[in-house]
Amino acid sequence: MVTILGIESTAHTFGVGIVKSGKIIANAKDSFTTSDGEGGMIPIEVAKHHVSVKDEIYSKALSDAKISEKNIDVIAFSQGPGLAPCLLEGMKFAKELSEKLGKPLVGVNHCVAHLEVGRSVGAKDPVMLYASGANTQVIAYASGKYRIFGETLDVGVGNFIDSFARYVGLGFPGGPKIEKIAKEGKYLEIPYTVKGMDIALSGILTNLKQKFNKKISVEDLAYSLQETVFAMLVEVSERAIAHVGKNEFLLGGGVACNSRLQEMCRMMCENRKDFDEVKYFCPERSLLVDNGAMIAYLGEIMFKAKANVFSPNELNNVDILPRQRTDDIEVSWR
Ligand code: ATP
Ligand code: FE2
């Protein structure tokens, strides 16, 4: 039995999760937020947030898991991709723990962790729609790597929603607020931009801002945004499923918390029954948004496969990888 502690700090969330032999026993976190219309994420400010909450979140994770730090066998941390100042604070904390406890360190890719945590709900070899703040990708395993079959050509869908929300004065993060007001809206046509297996969002953002300036109701815009952009995501996901011939579909990333996106994806899987059975998987919300449990979860898998594991006297060789891509990773554990 191994007990893994996972540290997440790529962006707005500082999280500490604990996994014991494939079971998640703690998932503590605290996220940077703003309530005013203007506020966004300034990396240095977010990094300060992480420093100010790290000890408290660490203690909470240990007490939630009902263990002491002496029980930890391995420390895993999000090595990339992400905002450099935030990644640095997570790595610093991970290295301090590794040294203090004399336990090995595992560097984990944040995006792959979003995918691998799908195993905890039964997804073994899925096509994943990874829809988060900075990333929007359709990913599946093929020949030794997680390949990206389609992605956004400009901004991530979460950042796109957040930008619109901020523009109309709803604060950050905008996703949950847009979901709420969309319930009061009705459909109006906005651009639909799928290009092959990829999508583009910045033109849609401009169009929404123009419509808002013309006093079109923000509820109608929120509803139309969701219906249009989520349909684009479902279209490329379904095409990936058809091409790669997998029979599992997994949702991941913060935007996957959206009930309407979940519903549309579930319908797509059900409607494919005429071709092939496609099982739909979606972890609970605390595992969709950034969290330490998914880092610990993949940390355990990688530790067992001896992938990117460092002993406490090798820590000088470990650095953050702010621009690491999903398809850079050699998936040696499958
Ligand atoms: P990553 O580093 O993986 O790209 P991230 O660091 O931005 O992502 P996540 O926690 O995965 O973090 O996702 C955050 C995003 O999810 C935010 O843009 C937020 O607005 C969006 N989001 C959260 N809940 C909802 C919702 N109910 N509907 C739409 N979007 C949502
Ligand atoms: Fe994320």
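The values are calculated or read from the model by the stated rules, or taken from the named source; none is laboratory data. Here the structure is a predicted model, which is why all the values come from computation and not from measurement. Here Cβ is always computed from backbone atoms with ideal geometry, including for glycine, and neighbour counts include all displayed protein chains. Surface accessibility is based on the protein's heavy atoms, side chains included, excluding ligands, DNA and RNA. Shrake-Rupley method; radii C 1.70, N 1.55, O 1.52, S 1.80 Å.
Multiply the residue gap between Asp125 and Glu277 by 0.36 nm, knock off their C-alpha separation, and tell me the result in nm, one decimal place.
53.3 nm
Could you do me a favour and compute the accessible area per residue for the chain, 1.4 Å probe, result in Å²?
Each residue of the chain exposes 43 Å² on average to a 1.4 Å probe.
Under the rule a/c < 1.5 gives rounded, and otherwise a/b versus b/c splits prolate from oblate, where does region 81-200 land using the Cα gyration tensor?
Note, shape of region 81-200 comes out oblate.
Ignoring ligands, DNA and RNA, what percent of the 1.4 Å accessible area of the chain is carbon and sulfur?
50 percent
With an 8 Å cut-off on Cα pairs and a minimum separation of 6 or more residues, tell me the relative contact order of the chain in percent.
26 percent
Under a GNM of the chain (C-alpha, springs under 10 Å), which listed residue has the highest mean-square fluctuation: Phe275, Phe77, Phe160?
Answer for the Gaussian network model of the chain: Phe275.
Go through 311-324, 41-54 and give me the packing order, highest mean Cβ count within 10 Å leading.
Order by mean packing, descending: 41-54, 311-324.
GluC sites (Glu not before Pro) within region 165-200: which are DSSP loop residues with at most 15 other Cβ atoms inside 10 Å?
Glu184, Glu189
Put +1 on the Cβ of every Lys and Arg and -1 on every Asp and Glu Cβ in the chain; which of Thr228, Pro191, Ser68 then has its Cα farthest towards the positive end of the dipole?
The Cα lying farthest towards the positive end belongs to Ser68.
Pairs of alpha-carbon atoms within less than 8 angstrom and 6+ residues apart define the contacts here; what relative contact order does region 95-236 have, in percent?
Relative contact order, region 95-236: 19 percent.
Just flag the trypsin sites (Lys or Arg not before Pro) in region 56-105 sitting in loop per DSSP whose Cβ has no more than 13 other Cβ atoms within 10 Å.
Qualifying residues, ordered by number: Lys66.
At Asp73 and Glu330, where each label point lies 7 Å from the Cα along Cα→Cβ, what is the point-to-point distance in nanometres?
Each label point lies 7 Å from its Cα, and together they span 2.4 nm.
How much FRET efficiency would the formula 1/(1 + (r/R0)^6) give for Met197 and Asn247, where r is the Cβ-Cβ distance and R0 is 25 Å, rounded to 0.05?
In this case the efficiency is close to 0.80.
Compute, for region 189-334, the length of the dipole vector about the Cα centre, with Cβ point charges of +1 (Lys, Arg) and -1 (Asp, Glu) only. Units Debye, rounded to 20.
I would put it at about 280 debye.
Calculate how many DSSP beta bridges within the chain are antiparallel, expressed in % of all such bridges and rounded to the nearest 5.
65 percent
What's the extension gain from Gln210 to Tyr167 if we count 0.36 nm per residue and subtract their Cα-Cα distance?
Between Gln210 and Tyr167, full extension yields 14.4 nm more.
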